[in-house]
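Values quoted throughout were computed directly from the atomic coordinates according to the rules given, and no laboratory measurement underlies them. In this text, all values refer to a predicted model and were calculated from it rather than measured experimentally.
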Amino acid sequence: MYDDVPIGWKRAFGKIMLEDYRKVLIRNNYLDEFQWIEVKEKYGTLRLYSYSAPEEVLDLELKYDYISRHICICCGRINVATVTDGWVELLCEDCYNKRILNERERYEKHSKDQEYIYTPYEKFAKKMREIEAIVTYKCYSPENGDYEKKCDYSDTISKIMERQKKLFKKR
């Protein structure tokens, strides 16, 4: 099911994510039993679904859902804007502009009598948020009621930032 992870997310953190899963599954003696039942992009984030896996696996699903909401789904660049032109996507400016050019060409070819209208990337970029190393989730459990859960993703984010330097070094 790893093939269903979009290419930009694979480039940015795919190997890091798989290694995290491997460590957790070995630690929980669950490596041979584990499988994802669904892997997809939904509302601009990576959704990983597994069945009756250890609690640590659920934490990884949450972690990569959070991390993916800051990374371009096409190329893997970090800290990008959420594009919402009818569909929620995470795109960097370059990938967005490539998409707009392709859509404009297709539109002008089939709808010559109407003007092509799009939202400039700068309007989306104002909504952009940088990735945080410490994330706080609001949770609920029948035993504890409402509570906050703090998750430290700094190690993973550091690895992703190192990977970014290799992927997007200036030429």
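Of note:
- Taking amide H atoms as placed 1.01 Å from N in the peptide plane, the amide H of residue 47 lies under 5 Å from those of 40, 41, 42, each 5 or more residues away in sequence or on another chain.
- Rounded to the nearest 10 degrees, the angle from helix 55-68 to the longest Cα principal axis of the chain is 20 degrees.
- Spatial extent of the stretch 32-112: Rg and Dmax, with the Cα atoms as the point set, Å: 16.6, 56
- Gain in span if fully extended, residue 167 to residue 143, counting 0.36 nm per residue against the direct Cα distance: 4.1 nm
- Debye log10 I(q)/I(0) for the stretch 1-70, one point scatterer per Cα, at q = 0.12, 0.19, 0.24, 0.25 Å⁻¹: -0.28, -0.71, -1.14, -1.23
- Reduced Cα scattering model of the stretch 16-171, Debye log10 I(q)/I(0), q = 0.10, 0.13, 0.14, 0.21 Å⁻¹: -0.49, -0.76, -0.85, -1.41
- Tail weight of P(r) past 17 Å, computed on alpha-carbon pairs of the stretch 111-171, percent: 70
- From phi via Karplus (6.51, -1.76, 1.60), per-residue ³J(HN,Hα) for the stretch 148-156 in Hz, x at Gly/Pro: 9, 10, 9, 10, 9, 9, 4, 4, 5
- Projected-area average for the stretch 81-125 over all orientations - Cα convex hull basis, square nanometres: 3.1
- Given 98/165; 40/109; 23/165; 98/126; 126/169, the pairs whose alpha carbons are separated by over 28 Å: 40/109
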